[in-house]
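**Student:** Dropping a structure here in structure tokens format, bear with me for questions.
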Amino acid sequence: MSLAVLVVICALALRLLASTLLDLLNLACVKAHASDIPARYSGLMDLSEYKKGVAYTIDKIRFGIVESACSAIFLSVLLVFGILPYLFSAGIECFGASVWGQSLAIIFIALILSIPDLPFDWYSQFVIERKYGFNKSSQGLWIADKLKGLCVAVVLGIPILTLILWFPEVFKHTWWLWGFLAVAVFQVVMIVIYPRFIVPLFNKLEDLPDGELKSALFNLAERGGFHARAIQVIDGSKRSSHSNAYFTGFGKFKRIVLFDTLIEQLSQSELEAVLAHEMGHYKKGHILKMMLLSFAMTFAAFAFMGWLSVSEWFYAAFGFSGNSGFAPVLLIFSIYSGAFTFWFSPILNVFSRRNEYEADRFSAGLCGGDSLRSALRKLHVKNLGNLTPHPLYSAFYYSHPTLFERERALEK
């Protein structure tokens, strides 16, 4: 076993150890508060509802621990037994050594490696989510979603992969910079393409019917300086009773999307507060800031892959031949970089939570804090949210502040 492989396996083990310890801390914290509703929320729900939320959280934590352990073992086995070089060679023999063939080989490997995830995804959807009344999907719809997702990945993935793999052949020293630019442009284009052409493959989008709600939301958008072309409703209820709202696109392509479950669960004033929160992300420049952060991380990733691509030790350490081209670097990096970037999660989530506070303040200024607080509480109950997460766990993982933290900030 090479030193590089040993380092990656140790990184996988450390991530598993850290994530398991955080999960156990969170599990202990939830169990410690399982008997009684926190005093602040005593009037929010009855005890049976609260205990249902506790049980849901416990089930998800335990399932997550098992899933993380299985994933770490699977990824370690791939390295120890040299399975990735074997799969890559098989892919090249099948599809050829051209950049198109290498792209197909990577897609082929990604498909093979996704198979062990399917039982976990199925169990989460049809056992845990169904047990607590969230799952609305059928087996047939679940399979159809997987097949559609595969087709989308192939149609979109092969061209961009081929382009990235072609750059090293024509730009010997600066290919990684061109690769970064290609991915950055691709991300921007997807902002327009995704809601218009990909979402309709999975969900039905319809304009919000004329009426009091539509008029109120458009008036709110105008007051907030958010000039959307449309407010649409997505049929999220055909898969889950969880709810959400978001906006997509930029410039003249901006549009607001509401889950049908959200409209069912909230009053008009609460919907306005949620929409104002989403508008706050736009008005405060959060979308642009997060996109620039994403670009910076992508730039760093390509720069690092550029260094690895000219390091002969890398190919030998992971069992690839020296003339395999850039594809092995992309393959190894995409599969195992998460073991290292895991440690940056709490830093990124600090910025994300700060954005959420700012969006909450924008909503409170436009609609009043009471409407947003009421909406947050109602959504927390409907989604069986965890009212008592361990502080270290929420600080590490949560991209949104806890309900208590958001309410406390609104009271200031």
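The values are calculated or read from the model by the stated rules, or taken from the named source; none is laboratory data. Fair warning: this is a prediction, and the values are worked out from it, not measured in the lab. All Cβ positions, even for glycine, are placed from backbone atoms using ideal geometry, and neighbour counts span all protein chains on display. Surface areas here come from the heavy atoms of the whole protein model, side chains and all, with no ligands, DNA or RNA. Shrake-Rupley method; radii C 1.70, N 1.55, O 1.52, S 1.80 Å.
**Student:** Could you please tell me which pairs satisfy a Cβ distance under 8 Å, a separation of 6+ or placement on different chains, a first residue in segment 43-57 that is without any contact (Cβ under 8 Å) to a residue 24 or more places away in the chain, and a second residue that is of a type outside the set (Ser, Thr, Tyr)?
**Tutor:** Final answer for the pair search is Leu47/Asp36; Leu47/Ile37; Lys51/Ala34.
**Student:** For segment 252-273, name all the residues that are over 19 Å from Ile191 (Cα atoms), in a helix (DSSP H, G or I) and either open to solvent by 20 Å² or more (accessible area, probe 1.4 Å) or charged (D, E, K, R) (or both).
**Tutor:** Passing the criteria: Asp260, Ile263, Glu264, Gln265, Gln268, Ser269, Glu270, Glu272.
**Student:** Restricting to segment 268-301, name every residue that is out of contact with any helix residue (DSSP H, G or I) (no Cβ under 8 Å at 6 or more places or on another chain) and hydroxyl-bearing (Ser, Thr, Tyr).
**Tutor:** Tyr282
**Student:** Only one residue in Leu410, Leu392, Leu379, Leu308 is more than 24 Å from the chain's Cα centre (by Cα), assigned to a helix (DSSP H, G or I) and over 30 Å from Leu79 (Cα atoms). Which one?
**Tutor:** After ruling out the rest, the residue left standing is Leu410.
**Student:** Looking at the structure I just gave you, is Ala300 over 18 Å from the mean Cα position of the chain (by Cα), in a helix (DSSP H, G or I), surrounded by fewer than 18 Cβ atoms within 10 Å (Cβ to Cβ) and modelled with pLDDT of 90 or more? It would help to see each step written out before you state the result.
**Tutor:** Values: over 18 Å from the mean Cα position of the chain (by Cα): yes; in a helix (DSSP H, G or I): yes; surrounded by fewer than 18 Cβ atoms within 10 Å (Cβ to Cβ): yes; modelled with pLDDT of 90 or more: yes.
Taking the combined requirement at face value, the residue satisfies it.
**Student:** When segment 395-407 is examined, which residues are found to be farther than 20 Å from Lys52 by Cα and assigned to a helix (DSSP H, G or I)?
**Tutor:** Selection gives Ala395, Phe396, Tyr397, Glu405, Arg406, Glu407.
**Student:** Of all residues in segment 200-228, which are without any contact (Cβ under 8 Å) to a residue 40 or more places away in the chain and within 13 Å of Thr248 (Cβ to Cβ)?
**Tutor:** Pro200, Asn203, Ala228 - these are the residues of segment 200-228 that are without any contact (Cβ under 8 Å) to a residue 40 or more places away in the chain and within 13 Å of Thr248 (Cβ to Cβ).
**Student:** Moving on. Of the conditions (1) among the acidic types (Asp, Glu); (2) free of Cβ contacts under 8 Å to residues at least 12 places away in the same chain; (3) under 30 Å from Asp36 (Cβ atoms), Glu312 clears all except one; give me its number.
**Tutor:** With respect to (1) among the acidic types (Asp, Glu); (2) free of Cβ contacts under 8 Å to residues at least 12 places away in the same chain; (3) under 30 Å from Asp36 (Cβ atoms), Glu312 is out only on (3).
**Student:** Please work out which one of (1) open to solvent by less than 40 Å² (accessible area, probe 1.4 Å); (2) under 14 Å from Tyr282 (Cα atoms); (3) out of contact with any Lys or Arg (no Cβ under 6 Å at 6 or more places or on another chain) is the condition Ala228 fails and give its number.
**Tutor:** Among (1) open to solvent by less than 40 Å² (accessible area, probe 1.4 Å); (2) under 14 Å from Tyr282 (Cα atoms); (3) out of contact with any Lys or Arg (no Cβ under 6 Å at 6 or more places or on another chain), Ala228 violates only (3).
**Student:** Also: I'd like to check something: does segment 322-329 contain any residue that is part of a helix (DSSP H, G or I) and farther than 30 Å from Trp100 by Cβ?
**Tutor:** No, segment 322-329 contains no residue that is part of a helix (DSSP H, G or I) and farther than 30 Å from Trp100 by Cβ.
**Student:** Condition first: within 23 Å of Glu129 (Cα to Cα) and part of a loop (DSSP other than H, G, I, E, B). Now tell me which residues in segment 36-61 satisfy that.
**Tutor:** The answer is Ile37, Leu44, Met45, Asp46.
**Student:** Here's a follow-up. Which residue out of Ser363, Ser352, Ser345, Ser334 is in a helix (DSSP H, G or I), among the hydroxyl-bearing types (Ser, Thr, Tyr) and open to solvent by 60 Å² or more (accessible area, probe 1.4 Å)?
**Tutor:** Only one candidate passes the filter, namely Ser334.
**Student:** Scanning for something part of a helix (DSSP H, G or I), exposed (fewer than 14 other Cβ atoms within 10 Å of the Cβ) and of a type in the set (Gly, Ala, Ser), does segment 89-100 turn up at least one residue?
**Tutor:** Step one: list which residues in segment 89-100 are part of a helix (DSSP H, G or I), which gives 89-95, 99-100.
Within this subset, residues satisfying the condition of being exposed (fewer than 14 other Cβ atoms within 10 Å of the Cβ) are 93-94.
Then keep just the ones that are of a type in the set (Gly, Ala, Ser); that gives none.
No, the conditions are met nowhere in segment 89-100.
**Student:** Sort through Val188, Val192 and tell me the only one that's surrounded by 14 or more Cβ atoms within 10 Å (Cβ to Cβ), in a helix (DSSP H, G or I) and β-branched (Val, Ile, Thr).
**Tutor:** Every option except Val192 fails the conditions.
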